[in-house]
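The structure appears below as C-alpha cells.
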Amino acid sequence: MSNPSNHPADLSHKLRSLPSVDRVLSEPALTAVLEQWPRPQVVEAVRAELDSARALLGAGNGADAAFAPADIAESAGHALSVQLQPSLRRVINATGVVIHTNLGRAPASDAAARAMSEAAAGYSNLEYDLDAGERGSRAKHLESLLQALTGAEAGIAVNNNAAALYLVMAASCSRREVIVSRGQAVEIGGGFRIPDVLRDAGATLVEVGTTNRTRAADYAAVLHRDTAAILRVHSSNFRIVGFTEEPSLAELRNVADRNTRGLPTLLIDDVGSGCLLDTRQFGLAYEPRPQDSIEAGADLVLFSGDKLLGGPQAGLIIGKQAAVNRLRSHPLMRVLRPDKAAIAGLSATLQHYLLGDAVETVPIWRMIAAEPDQLRQRAEQWRSAVGAGDVEPADSAIGGGSLPAESRPTFVWTFPHSHPTDAARQLRNRPVPIIVRVERDRLILDPRTVLPGEDAEVIAALRQLVGGDA
Ligand SMILES: *Cc1c(COP(=O)(O)O)cnc(C)c1O
C-alpha cells in the first residue's frame, strides 16, 4: 500500500494511457503475425489483451505491469502462437522405457512412417481391387504378410488388441461359456479387465484353477458341449514366480478337442505383445510369439501392433480360416476396423520381418539391441558436450505390457539437482519436450530411447539446464 504507484489517480492515468488497437497493431512484434494470421483474429487478440489490462487496472491492480504498445503486442502474439501449438506433439523419450504407453508406444520405422504419410496424403486402393477395377476388401492388404510370417491360415487387423479380444468374444462366444484360468483373469491396464470384457461382450466367464496353479484337468472338468472357448491370456504386465503351473497351449488344444458333441470349442490365445523375434538373442526372457501359438494349434491368436511388433496402433487376429471368417462378417468388424494409415504402416512394418532386417530397421528392436558400449559412448558424448553430470551403469525397462521385470543393461547420464522435479518440468516445457527420470535428488537420462538425430536437442537442453542451476 505504501507503493506510490498504487495511488488511484495513478491507476486511472494508466487506464487512460492504454494504447489504441491500431497503435498496437503497428508494433514490429506483430508484423510477422499479421502475415500469418487473418487480420480480424489478430485484432481480436489485441483487444483481448487490452481488455484484460483494463480489467486489471479497474480492479486496482496492475500498477506495476507493463502496458506499453510493444508489451501488449508481444502478449497478443504469444496468445495466438499458443493456439497454433498442437496438443499432441513429438517428445524426446529419455526414460529408457522402450515401449512407453504414455509416450505413444512404438515409433514407426522410416519405411512405415513414409507409408503412413503417403496413405494419409493421397487416395489409395484401400477398398478397391486394382485388377478387377471394382470394390475390393480392406482386410486383404495384410493377410498374406500375416500368413507368411506366422504360418496362420488367415489374418485380419482391428483398431487395437483390446478391440480384437472384444470382437472375438462378441462374435464367437456370446451367450456361451469361456474358460479362463484364475491366474489369467487379470487387468491389462487402463481399466481393461478380462472378466469385464467377457461379460460386456455377452460371454460367460468360467474361472478355473487358482491364481498360481492351473492344470489341464481343471479345464477339462468344466468343459461341456456348450463351451465356446478356452481363452489363454499372456501375463504381459506382471509375473507370478515360485510355486506356479500352467498347462501348455498344446495341452489346452487336447482339452478343447474333447468337446465332440456341440459346436467346436475354440482355443484362443491373447499373446499381447506380438513379438515375432526370439527375445533370447538380446539376453531377455523368451516372449511367446504368435507363430508359436499357431503351431501349437490355437484357433485364434491376438496381439497388438504397437508393442513388440513395433508398428502403429492395431490389433491383429490370426488363425484358422473358419474362425477368422466368422469375425470378418460380424457387424462389429465395421466398428473396429483400422484406418488406411494404420494398414499402410503395419504392412511396411511386417515387411521388415519378412526381409529379416527388423533388428536394424524397426526402432524398438534397434533400441532393444543397442549394446551397453554404444550407449556408454553416447552418454559420455552428452557429458563432455554439456560439461557436467556423470555417466553410470543402469537398466532400461522394455515396458508397455511386454517382458515384465525384464531389462537391458545401459549407461545413463545423471545430474544431481537441488530441485530435480522443477528441472524435469523445465525439460518438459521446451519446444520439443524431453521426458526424463527423476530419482531422489537427480535427473537420469537414458540414451537407449533417444532417437538418432535427437542428441543435439538433448545436449542443448542439458547445457541450458546446467547453466541455470549454477
Ligand atoms: C496390451 C495387451 C492388451 C491390450 O492391447 P492394446 O493394443 O493396448 O489394446 C490385451 N491383452 C494383452 C495380453 C496385452 O498385453
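In the set VAL186, VAL178, VAL168, VAL158, which member is of a type in the set (A, V, I, L, M, F, W, C), farther than 29 Å from GLY209 by Cβ and within 16 Å of the ligand (Cβ to nearest atom)?
VAL158 is the lone residue from the list that is of a type in the set (A, V, I, L, M, F, W, C), farther than 29 Å from GLY209 by Cβ and within 16 Å of the ligand (Cβ to nearest atom).
Pick from ALA152, ALA148: which is more than 16 Å from the ligand (Cβ to nearest atom), open to solvent by less than 40 Å² (accessible area, probe 1.4 Å) and under 30 Å from ALA358 (Cα atoms)?
The unique qualifying residue is ALA152.
Restricting the range 34-51 to residues that are open to solvent by less than 60 Å² (accessible area, probe 1.4 Å) and in a helix (DSSP H, G or I), which is nearest to LEU11 (Cα to Cα)?
Selected residue: LEU50.
SER235 fails exactly one of the following numbered conditions: (1) within 16 Å of the ligand (Cβ to nearest atom); (2) among the hydroxyl-bearing types (Ser, Thr, Tyr); (3) exposed (fewer than 13 other Cβ atoms within 10 Å of the Cβ). What is the number of that condition?
(3)
Starting from residues that are among the hydrophobic types (A, V, I, L, M, F, W, C), over 10 Å from the mean Cα position of the chain (by Cα) and open to solvent by 40 Å² or more (accessible area, probe 1.4 Å), keep the ones in the range 80-107 and report whichever is farthest from PRO19 (Cα to Cα).
Going through the qualifying residues, I end up with VAL91.
For the range 309-332, check the following and say yes or no: at least one residue is among the charged types (D, E, K, R), within 16 Å of the ligand (Cβ to nearest atom) and part of a loop (DSSP other than H, G, I, E, B). Working first, answer last.
Here is the first cut: in the range 309-332, the residues among the charged types (D, E, K, R) are 320, 326, 328.
Restricting the remaining residues to those that are within 16 Å of the ligand (Cβ to nearest atom) gives none.
Within the range 309-332, not a single residue is among the charged types (D, E, K, R), within 16 Å of the ligand (Cβ to nearest atom) and part of a loop (DSSP other than H, G, I, E, B).
Return the total of residues in the range 281-294 being in a loop (DSSP other than H, G, I, E, B), away from the ligand (no atom under 11 Å from the Cβ) and buried (at least 17 other Cβ atoms within 10 Å of the Cβ).
Within the range 281-294, residues that are in a loop (DSSP other than H, G, I, E, B), away from the ligand (no atom under 11 Å from the Cβ) and buried (at least 17 other Cβ atoms within 10 Å of the Cβ) number 2.
What residue, of ALA113, ALA152, is assigned to a helix (DSSP H, G or I) and either closer than 18 Å to PHE303 by Cβ or modelled with pLDDT of 95 or more (or both)? Step through it out loud before you land on a result.
Details: ALA152 fails: assigned to a helix (DSSP H, G or I).
The match here is ALA113.
Taking the stated definitions as given, is GLY297 at positive phi and either in a helix (DSSP H, G or I) or open to solvent by 10 Å² or more (accessible area, probe 1.4 Å) (or both)?
Spelling it out, GLY297 is indeed at positive phi and either in a helix (DSSP H, G or I) or open to solvent by 10 Å² or more (accessible area, probe 1.4 Å) (or both).
Given the structure, is ASP270 at pLDDT 95 or above, within 12 Å of the ligand (Cβ to nearest atom) and in contact with a strand residue (DSSP E or B) (Cβ under 7 Å, 6 or more places away or on another chain)?
Judged against the criteria, ASP270 is a match.
The values are calculated or read from the model by the stated rules, or taken from the named source; none is laboratory data. For clarity, every value in this text was computed on a predicted model and none was experimentally measured. Cβ: placed from backbone, ideal geometry, glycine included. Neighbour counts: every protein chain shown. Each accessible area value is taken on the protein alone, full model and side chains, heavy atoms only, with ligands, DNA and RNA left out. Shrake-Rupley method; radii C 1.70, N 1.55, O 1.52, S 1.80 Å.
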